[in-house]
1. Are any of the residues in segment 27-34 outside any strand (DSSP E or B), crowded, with 16+ Cβ neighbours inside 10 Å and modelled with pLDDT of 90 or more?
2. Checking the structure you have, find out if any residue of segment 75-86 is in contact (Cβ under 8 Å) with a residue 40 or more places away in the chain and hydroxyl-bearing (Ser, Thr, Tyr).
3. Restricting attention to segment 52-80, and to residues there that are more than 15 Å from the chain's Cα centre (by Cα) and part of a strand (DSSP E or B), which single residue is surrounded by the fewest Cβ atoms within 10 Å (Cβ to Cβ)?
4. Out of the residues in segment 36-50 that are charged (D, E, K, R) and at pLDDT 90 or above, which is farthest from Ile139 (Cα to Cα)?
5. If you check every pair at least six apart or on different chains, which have Cβ atoms under 6 Å apart with a residue in segment 5-21 that is closer than 14 Å to Thr79 by Cα first and a residue that is outside any strand (DSSP E or B) and not hydroxyl-bearing (Ser, Thr, Tyr) second?
6. Select from segment 20-50 the residues that are out of contact with any Ser or Thr (no Cβ under 8 Å at 6 or more places or on another chain) and closer than 17 Å to Ile99 by Cα and list them in ascending order.
7. So which residues in segment 81-117 are within 19 Å of the chain's Cα centre (by Cα), among the acidic types (Asp, Glu) and modelled with pLDDT of 85 or more, if there are any at all?
8. Can you pull out every residue in segment 118-127 that is under 18 Å from the mean Cα position of the chain (by Cα) and either modelled with pLDDT under 75 or in a strand (DSSP E or B) (or both)?
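The values are calculated or read from the model by the stated rules, or taken from the named source; none is laboratory data. This is a predicted model, so every value here is computed, not measured. Don't worry about glycine lacking a Cβ; one is built from the backbone with ideal geometry, like all the others, and counts go over all protein chains shown.
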Amino acid sequence: MADIVQIASFRIGAEEYGVDISQIQEIIRMMEVTRVPRTPDYVDGVINLRGQLIPIVDLRTRFGMERAAPTKDTRIIVTDVGSKRIGIVVDSATEVLSIPIEAIEQAPEIIASAATDYIQGVGKIGDRLVILLDLTMVISGAQAGDLERSLSA
């Protein structure tokens, strides 16, 4: 039996992305976000989720896309990045996919530059292409430090 990767898929604009389900704590409906001054532009603010303050990152902004108003399909993917719990806003969460390891290809060199080191590869499921992300790399290094400093100030 081939090795299978379980991927939670979601949409941002017209593109479908996926992350290994082991990186996800939960997926919740969009809720009221409290703005926090002097945070990076891709940080919407914080939410109170069962008594825990969770910073919210707008994935559209993080990827250099135009912000979009939340809809009934907008979701927050709650994940642990290092020692921090973070919520990531996506246009919609679609489904859990089982992708055979051999159906995952490395991102083409032109895409896999330093600016997109959070792309782990591209999964092929029939006609669909799912861009596989490493959420720990989406918010990493200096940006994680910026996020931590701005939220603890």
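1. Applying the first criterion (outside any strand (DSSP E or B)) to segment 27-34 yields 30-33.
Still in the running and crowded, with 16+ Cβ neighbours inside 10 Å: 30, 33.
Of the ones still in play, those that are also modelled with pLDDT of 90 or more are 30, 33.
The answer is yes; a qualifying residue exists.
2. Yes.
3. Gln52
4. Filtering segment 36-50 down to residues charged (D, E, K, R) leaves 38, 41, 44, 50.
Imposing the further condition that a residue be at pLDDT 90 or above reduces the set to 44, 50.
Details: Asp44: 14, Arg50: 23 Å.
It comes out as Arg50.
5. Close Cβ pairs (under 6 Å, with a partner that is outside any strand (DSSP E or B) and not hydroxyl-bearing (Ser, Thr, Tyr)) amount to Ala8/Ile21; Val19/Leu135.
6. Asp20, Ile21, Ser22
7. Within segment 81-117, Asp91, Glu95 meet the criteria.
8. Scanning segment 118-127 gives Ile119, Gln120, Gly121, Val122, Gly123.
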